[in-house]
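Before any comments, here is the structure.
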Amino acid sequence: MNADQRLTQYLQDHGLELPAPPKVLGLYKPALLIDRHCFLSGHLPLKPDGGLIQGKIGHEIDESAGYEAARQCGLAMLATLKQTLQSLDRVERVVKLLGMVNCTDQFTQQPAVVNGCSELMKAIFGDDQGVGTRSAVGVGSLPMGVSVEIEGLFLLKQ
């Protein structure tokens, strides 16, 4: 099964929909191709209806809801990759994810939240190619009050 087929199966198995690629809301490119690399700007937890998952983790929402928000960031990233590359099969591997978690000062489980995106990437691109380097940091706020923002770097096949 290729990556596009795994995504279709994953969405069916989990009762999810791929959101439309996010609209640009500032002065940046959602994706930038340089040689064999695709850099993705920070993606927000975009729902299929265009809404966003909002709330500070450890205050308005819990770790589980944060995990779901991170998975939605990953789905938005996959939508951008599909739009940019035409097929997820052009991705050789995930190189790096940076997850920013909007949380209280007392919340320390940022890696568990960002796993929502990391586990999605592993499911789509494979046990090795879907797992790259990663950082998960807590921040005091994010645009529009979203719970999570994630950016990524992907290596493309030759």
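The values are calculated or read from the model by the stated rules, or taken from the named source; none is laboratory data. Computed from a predicted structure; not experimentally measured. All Cβ positions, even for glycine, are placed from backbone atoms using ideal geometry, and neighbour counts span all protein chains on display. What goes into the accessible areas is simple: the full protein's heavy atoms, side chains included, and nothing from ligands, DNA or RNA. Shrake-Rupley method; radii C 1.70, N 1.55, O 1.52, S 1.80 Å.
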Practice item. Leaving ligands, DNA and RNA out of it, rank Tyr28, Tyr67, Tyr10 by accessible area with a 1.4 Å probe, largest first. Key: Tyr28, Tyr67, Tyr10
Review point. Roughly how tilted is helix 110-125, in degrees to the nearest 10 and between 0 and 90, from the longest Cα axis of the chain?
Key: 20
Check your understanding: Does segment 43-158 classify as rounded, prolate or oblate by the C-alpha gyration tensor (a ≥ b ≥ c root eigenvalues; a/c under 1.5 gives rounded; else a/b over b/c gives prolate, otherwise oblate)?
Key -> prolate
Study note, to complete from the structure: GNM on the chain, Cα springs under 10 Å; top mean-square fluctuation among Gly15, Gly50, Gly74 goes to Gly15
Review point. Hey, got a sec? Which chymotrypsin sites (Phe, Trp or Tyr not before Pro) in segment 88-158 land in a DSSP loop and have at most 15 other Cβ atoms within 10 Å?
Key: none
Review point. What's the lysine pair count for the chain at a Cα cut-off below 26 Å, pairs eight or more apart or interchain?
Key: 21
Exercise for review: Would you mind counting up the charge near Gln72? Only other residues with Cβ under 14 Å from its Cβ, with Lys and Arg at +1 and Asp and Glu at -1.
Suggested key: -3
Review point. Among Leu153, Leu97, Ile61, which residue has its Cα positioned farthest towards the positive end of the charge dipole of segment 52-158, with +1 placed on the Cβ of Lys and Arg, -1 on the Cβ of Asp and Glu, and the dipole taken about the Cα centre?
Key: Leu153
Exercise for review: Return the percentage of antiparallel bridges among DSSP beta bridges fully within the chain, rounded to the nearest 5 %.
Suggested key: 70
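Shape call for segment 1-98 from the C-alpha gyration tensor, a ≥ b ≥ c root eigenvalues: rounded (a/c under 1.5), prolate (a/b greater than b/c) or oblate? All intermediate terms of the calculation are to be shown ahead of the outcome.
Working: a/c = 1.83, a/b = 1.30, b/c = 1.41.
Judged from the Cα gyration tensor, segment 1-98 comes out oblate (a/c at least 1.5, b/c at or above a/b).
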Exercise for review: Can you check what the net charge comes to around Asp89, using other residues whose Cβ is under 15 Å from the Cβ of Asp89 (Lys, Arg +1; Asp, Glu -1)?
Suggested key: +4
Exercise for review: Using a Gaussian network model of the chain whose springs link C-alpha atoms within less than 10 Å, name the residue from Val146, Val113, Val101 with the highest mean-square fluctuation.
Suggested key: Val146
Point to revise | Structure-based [θ]222 nm, the chain - -39500 (n - 2.57) summed over DSSP H runs of at least 4, per residue, nearest 500 | key: -11000 deg cm²/dmol
Check your understanding: By its C-alpha gyration tensor, with a ≥ b ≥ c as the square roots of the eigenvalues, how is segment 1-55 shaped: rounded for a/c under 1.5, else prolate for a/b larger than b/c, else oblate?
Key -> oblate
Check your understanding: Using the Karplus equation 6.51 cos²θ - 1.76 cosθ + 1.60 (θ = phi - 60°), what ³J(HN,Hα) coupling, rounded to whole Hz, does each residue of segment 92-97 give in order, writing x for Gly and Pro?
Key -> 7, 6, 7, 9, 7, 10
**Study point:** Spatial separation of Cα centroids for segment 1-39 and segment 105-158, in angstrom
**Key:** 14
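If you put +1 on each Lys and Arg Cβ and -1 on each Asp and Glu Cβ, how big is the dipole of segment 40-98 around its Cα centre, in Debye rounded to 20? Walk me through the numbers before you get to the answer.
Working: 7 positive and 7 negative charges, 58 e Å.
Using only the charged Cβ atoms, the result is roughly 280 debye.
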Check your understanding: So what's the angle, to the nearest 10 degrees on a 0 to 90 scale, between helix 3-14 and the longest Cα principal axis of the chain?
Key -> 40
**Study point:** Listed residues Lys96, Lys29, Lys82, most fluctuating in the chain (Gaussian network, C-alpha, under 10 Å)
**Key:** Lys29
